[in-house]
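What follows draws every value from the coordinates through simple rules; no lab data is involved. Predicted, not measured: the structure shown is a model, and the values here were computed from it. Cβ placement follows ideal geometry from the backbone for every residue including glycine, while neighbour counts extend to all protein chains displayed.
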Amino acid sequence: MKIGELSKITGLAPSRIRFYESIGLLKIVKRQANGYRDYPPEAVIVLKLIDVAQQAGFTLDELRALLPPDLTQWDHDSLVKALHQKLEDIEILQKKLADNKTKLLEVLKEVDAKPKDMDCDDNARRVLSQFNIE
């Protein structure tokens, strides 16, 4: 199939499809005699895998290491290991985000507790001193 059809099926821009090919993520592309790209049906699956994996937090470099040359040569152990690692990364990020949220809520509480007779600059100094941020 041509890139326009592949773009319509996957919802990805042709430039993005070409980019994935140029960095080695989409390896199953053949060139016709006239130089046009010819994509097999498996290209749809590969592109959808790339899109879903990126949404799950995988980097393009991680995907390059994981994706087999074709869809029949998956390395099960590497795939499972990478999925577990990504879950661990997400859990660490979630904890960090929860900690950041807690700190921001504490700061917001203190900022909102500004005495009526205090101006904003003095209140900022008061809040910063409570959190040892000065």
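Details
- Charge sum, other residues only, whose C-beta stays under 13 Å from Glu42's C-beta, Lys/Arg counted +1 and Asp/Glu -1: +1
- Phi-derived couplings, Karplus 6.51 cos²θ - 1.76 cosθ + 1.60 at θ = phi - 60°, listed residue by residue for segment 119-125: 7, 4, 4, 5, 5, 4, 4 Hz, with x used for Gly and Pro.
- A straight Cα-to-Cα reach below 25 Å connects Lys101 with the lysines Lys86, Lys109, Lys114, residues fewer than 8 places away in its own chain not being considered.
- Among Ile17, Leu60, Met118 the positive-end extreme of the charge dipole of the chain (Cβ point charges): Ile17
- Here the peptides 83-90, 122-129 are ranked by packing, the mean other Cβ count within 10 Å, and the order with the highest first is 122-129, 83-90.
- Other residues whose C-beta falls under 14 angstrom from the C-beta of Lys27 contribute a net charge of +1, scoring Lys and Arg +1 and Asp and Glu -1.
- For segment 76-134, the direction-averaged projected area of the alpha-carbon convex hull comes to 5.0 nm².
- One decimal place: the segment Val29-Asp99 gains 20.6 nm when fully extended, by the rule 0.36 nm per residue minus the C-alpha distance.
- Bridging of Lys8 to lysines at a Cα separation below 22 Å is possible for Lys27, Lys30, Lys48, once same-chain residues fewer than 8 apart are set aside.
- Phi to ³J(HN,Hα) by Karplus 6.51 cos²θ - 1.76 cosθ + 1.60 over segment 55-63, Hz, x for Gly, Pro: 5, 7, x, 6, 7, 5, 5, 4, 5
- Distant alpha-carbon pairs in segment 1-74 (separation over 22 angstrom), percent: 16
- For the chain: relative contact order, % (alpha-carbon pairs under 8 angstrom, 6 or more apart): 16
- Normalised alpha carbon radius of gyration of the chain [divisor 2.2 N^0.38 Å]: 1.74
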